[in-house]
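The values are calculated or read from the model by the stated rules, or taken from the named source; none is laboratory data. Since the structure is predicted, the reported quantities are computational estimates derived from the model, not experimental observations. Note: ideal-geometry Cβ built from the backbone for every residue, glycine included; neighbour counts use all protein chains shown.
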Amino acid sequence: MTLIDESPAPQGAGDSGTPLLEVRDLHVEFHTRDGVAKAVNGVNYTVNAGETLAVLGESGSGKSVTAQAIMGILDMPPGRIPKGEILFRGQDMLKMSGEERRKIRGARIAMIFQDALSSLNPVYSVGFQLGEMFRVHRGLSKKDARAKAVELMDRVKIPAAAQRVDDYPHQFSGGMRQRIMIAMALALEPDLIIADEPTTALDVTVQAQVMDLLAELQREYNMGLILITHDLGVVADVADKIAVMYAGRIVETAPVHELYKRPAHPYTKGLLESIPRLDRKGQELYAIKGLPPNLTRIPTGCAFNPRCPQATDLCRTEVPALFPVTEQDGAELAGRGSACHYWKETLHG
Amino acid sequence: MAELSKKNEPAASVDATPNVTGVEVVETGSETAAIEALQAPVDRGEPILQVRNLVKHFPLTQGILFKKQVGAVKAVDGISFDLYQGETLGIVGESGCGKSTVAKLLMRLETATAGEIFYKGQDITKLSGRALKAVRRNIQMVFQDPYTSLNPRMTVGDIIGETFDIHPEVAPKGDRRRRVQELLDVVGLNPEYINRYPHQFSGGQRQRIGIARGLALNPEIIICDEPVSALDVSVQAQVINLMEKLQDEFNLSYVFIAHDLSIVRHISDRVGVMYLGKMAEIGTDEQIYDHPTHPYTQALLSAVPVPDPEARENRERIILTGDVPSPANPPSGCRFRTRCWKAQDKCAQEVPLLAVPERFKGADTPAAHESACHFAEEKDVVHAA
């Protein structure tokens, strides 16, 4: 019903000073039969307009839970946010009413999910589902909404959009379905898109098409993009900066080139060494020993210490903060941080 | 089905490629030797598995009471390859290209529509009963999803030990528990876990259980269908290393099916690229990755995101348009022509053979490997310019 301009988020506040999105010391926990699973334990990051932040992590690292908390789609209970702030253009969304958040969700912040087939409703046509955005948020008539849906499908390069608008999700291929998901996220021209493993379910040739489309549209609309993935390759292709997560914490942040060239955390370093390369045949792969921790029993001190080759007693007792990373001569490295007591040794060898 | 085995005939006269054309060929020793010399500079001896013109069509039917066949999904449509003792043959391709069907055919979990699979010279597509059981002992499989391929109600000991119920000659009854514990130890699991259930293990550990089950009967060949794609990056490397170690230890031959091209390069000695039921290109890992000649291989390789941001500016990307056509109604001629930038009239009319392209024949270059393209030319897409 409401037009975008009347939504509570102040408009111009963002561009200078206030970032588009700022997550501050976010904690999320789940109450399970086995105890309290601490999925997110103090995450901080910011995203600006036109910027791509990649959140990299393995399953259970808390990357998706953080995204769900931002979107406000966490299941609560069993989920709980005991602490933290999520500032969208300077306003804490966790303090907003349900009504206020609903106006932001979809219109200002949109999300693209991994599995397009299970994210689309199988009993409604694609055009109806795309048009729903306009009917609900903008109050358009059915006919106008359908026209908008065709326009959107065109924009994400679905061939013969006008004919296919009344088709159902199962009639589209995986890549096409993911394009429809992207179209849906773009519908109301949001300021921020959260893409949770958007190409994991797709084949490589289609994955390249979809990532290119996403990057192109992001540039066109100057949107912020949070790309959540476990794939170090996809990240290298599109991200500006990277946050690596492990056991609910950010263990390293860096601009994309820096991270691959000179990782400052043993976990990142291990990950980079453990993936085989396409362009050369390597020797035996480096394997990080052990398993990611159980979130109900995260090790004391640094959560990575049982798997870390250089762990000491300090690592086993004291949780490392995200230290700013500098050159050997103390020169600052912009945007870099590492939650390792021994980041100097890791970075400088 | 009859027209299928015929379609490759036009160039069957080319003498260097007799056993990989679609036509059934009775092999003579000299021919095989010639091909081996082309395919593999190292003498690998006799192939342990020879696949010849393998076809699997799944019928599409209409009607409820009187079913009549209205077409067929041509999942695998005439592929041939060899597997040698102790080597790893990687098979890559996108979803729907038929790579998993090949795995099932090799295991005889599906019955081939046409073609032969020779295991040590014996065609296993025709076997049944006791003879089939004996062969199956030597060809085992590791599945993709460690969460659904282990029975949640059975203990690890029962899951691995069950293989001995079917093949009791491998381990006598009193010896089974010890043998299972040995296997757990071999795959890097604590032998004391024998009484645990699958849900008590992580994904990587479950895949180790799957591997232990595959090893239980001392097979010669293990078919791995996407064995690490469900695992996290840090655990993937552990499982890959384990598989390589086991291969050395037991002289296993792997058919390694995966969609992740980097992992396939890492583990494979030779790689075959499949597209829509056909083999597009096959060669050593160096030939395929550093000197691909088929446009599909080139597009596939160029689309793989490389974990190196420097490379993103310097690499040529070939972005294919459109999706893979339906295997129920594949394009005429070359199946890739609808997405190929080189396609010409010839591609629509003539099925390209999987053979060393004419222009590279006899040349001493890594580009001289089998590629099913009329206009094959070498192009490095993996390395930054």
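Assorted remarks:
- Segments classed as strands (runs of 3 or more DSSP E), wholly inside segment B:37-143, with at least 3 members that are buried (at least 18 other Cβ atoms within 10 Å of the Cβ) and within 14 Å of chain A (Cβ to nearest Cβ): B:88-92
- Residue count for segment A:208-236, restricted to those that are of a type outside the set (K, R), assigned to a helix (DSSP H, G or I) and within 17 Å of A:I194 (Cα to Cα): 13.
- Filter pass, A:A215 being more than 9 Å from chain B (Cβ to nearest Cβ) and at pLDDT below 85: no
- Selection status of A:A287, of a type outside the set (F, W, Y), in a loop (DSSP other than H, G, I, E, B) and away from every other protein chain (no Cβ under 13 Å): no
- A:A39 vs. criteria part of a loop (DSSP other than H, G, I, E, B) and in the same structural domain as A:L214 (by TED's automatic domain parsing): no
- Pick from segment B:229-283, criterion in contact (Cβ under 8 Å) with a residue 24 or more places away in the chain and among the basic types (K, R), ranking: farthest from B:A216 (Cα to Cα): B:K278
- Criterion: of a type in the set (G, A, S) and part of a strand (DSSP E or B) - qualifying residue of B:A280, B:A348: B:A280
- Residue within segment A:267-282 that is farther than 22 Å from A:I242 by Cα, away from chain B (no Cβ under 14 Å) and not small (G, A, S) present: no
- Number of residues in segment A:101-116 that are in contact with an Asp or Glu (Cβ under 9 Å, 6 or more places away or on another chain) and in a helix (DSSP H, G or I): the value is 1.
- Qualifying positions in segment A:298-315 - more than 14 Å from chain B (Cβ to nearest Cβ) and either surrounded by 14 or more Cβ atoms within 10 Å (Cβ to Cβ) or assigned to a loop (DSSP other than H, G, I, E, B) (or both): A:I298, A:P299, A:T300, A:G301, A:C302, A:N305, A:Q310, A:A311, A:T312, A:C315
- Subset tally (residues that are of a type in the set (S, T, N, Q) and touching a residue at least 40 places away in the same chain (Cβ under 8 Å)) for segment A:306-323: 1
- Among residues of segment A:149-177, those that are within 14 Å of chain B (Cβ to nearest Cβ), outside any loop (DSSP other than H, G, I, E, B) and either touching an Asp or Glu at 6+ places or on another chain (Cβ under 8 Å) or charged (D, E, K, R) (or both), counted: 5
Listed here are the residues, each with its yes/no results for (1) under 24 Å from A:H348 (Cα atoms); (2) modelled with pLDDT of 90 or more; (3) within 23 Å of the chain's Cα centre (by Cα); (4) not assigned by TED's automatic domain parsing to the domain that holds A:N48.
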| site | (1), (2), (3), (4) |
| --- | --- |
| A:I228 | no, yes, yes, no |
| A:D231 | no, no, yes, no |
| A:V234 | no, no, yes, no |
| A:V251 | yes, yes, yes, yes |
| A:P255 | yes, yes, yes, yes |
| A:A264 | yes, yes, yes, yes |
| A:T268 | yes, yes, yes, yes |
| A:L295 | no, no, yes, yes |
| A:N305 | yes, yes, no, yes |
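- Which listed residue, of A:A239, A:A185, is closer than 20 Å to B:V304 by Cα, of a type outside the set (V, I, T) and out of contact with any Lys or Arg (no Cβ under 6 Å at 6 or more places or on another chain): A:A239
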